[in-house]
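J.: One structure is given below, represented as structure tokens, and several questions about it will come after.
The values are calculated or read from the model by the stated rules, or taken from the named source; none is laboratory data. In this text, all values refer to a predicted model and were calculated from it rather than measured experimentally. Every residue, glycine among them, receives a Cβ derived from its backbone with ideal geometry; neighbour counts consider all protein chains shown. All accessible areas refer to the heavy atoms of the entire protein, side chains included, with ligands and DNA or RNA removed. Shrake-Rupley method; radii C 1.70, N 1.55, O 1.52, S 1.80 Å.
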Amino acid sequence: EDPRLKYMFRQEGETFLTGPSAFPLKLMAFWSIQAAWAWVSLLPVTMAISRGAMEKPLSIFAKSPNLSSALFALGFAGFSAGFLIEAVADRQKSIFKADASNSRRNKWCDKGLWARSRHPNYFGEMLVWWSLFTMALPSAPSWTIISPIFVTFLLNKVSGIPLVEQRYDSKYGDDPEYQQYKESTPLLVPRIWKS
């Protein structure tokens, strides 16, 4: 359950619409923003599907079947890698935090992919959306590049990385181990070879 939701539901005795939660207005705004994010993120796929049957190619990439196939293969490989990276990173962090024998479980995760990037899950997420755009490129209009740019911007500047970094800096900022981890581990793109 998303912890942000607890502030959006009406508490016992609270008046409808005018109470601290402004129920259901804040809840509606929260889900409307989520829906808009999903809609913008899926633009390349939606446009490719809706225009896929058109006889006239929408982009220069559609004129060459070999190039279209190569873009699809590249996109599919990137999508698969991104999905796998995100899933493995999330699972590794979940195991790290759930392990009762781990004395560091209430600290930052620095095992597995987390030893190679401070945010491998977000790297995987961005790779997924850039790859979907790449696969859709032969059929979708080029302006749908707004989708991966939007996701990359949000995760890098608005929600994902800035919020986690701020929370960890305030929680562990004085810890020399955390400072060492921060200095030696890339922010986003995983280091392939560990030095």
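J.: Would you tell me the accessible area of LYS107, worked out with a 1.4 angstrom probe on the heavy atoms of the protein chains, in Å² to the nearest 10?
T.: Probe radius 1.4 Å; accessible area of LYS107 about 70 Å².
J.: Let me have the relative contact order for region 82-139, percent, based on Cα pairs under 8 Å that are six or more residues apart.
T.: Normalised by residue count, the contact order of region 82-139 is 46 percent.
J.: OK, next. May I ask you to rank LYS182, LYS26 by accessible area, largest first, using a 1.4 Å probe over the protein chains only?
T.: Largest accessible area first, the list is LYS26, LYS182.
J.: Using Cα pairs closer than 8 Å and at least 6 residues apart in sequence, work out the relative contact order for region 49-184, in percent.
T.: Taking the mean separation of contacting Cα pairs over the length of region 49-184, I get 31 percent.
J.: Suppose every Lys and Arg Cβ carries +1 and every Asp and Glu Cβ carries -1, with no other charges. What dipole size does region 156-195 come out with about its Cα centre, to the nearest 20 debye?
T.: Its charge dipole is roughly 240 debye.
J.: Running Debye on region 52-195 with equal point scatterers at the Cα sites and no solvent, what base-10 log of I(q)/I(0) appears at q = 0.08, 0.12, 0.13, 0.20 Å⁻¹?
T.: For region 52-195 at q = 0.08, 0.12, 0.13, 0.20 Å⁻¹, log10 I(q)/I(0) is -0.30, -0.60, -0.67, -1.19.
J.: Let me ask another. Output ³J(HN,Hα) for region 119-124: one whole-Hz value per residue in order, computed from phi by the Karplus curve 6.51 cos²θ - 1.76 cosθ + 1.60 with θ = phi - 60°, and x for Gly and Pro.
T.: 9, x, 5, 6, 4, x
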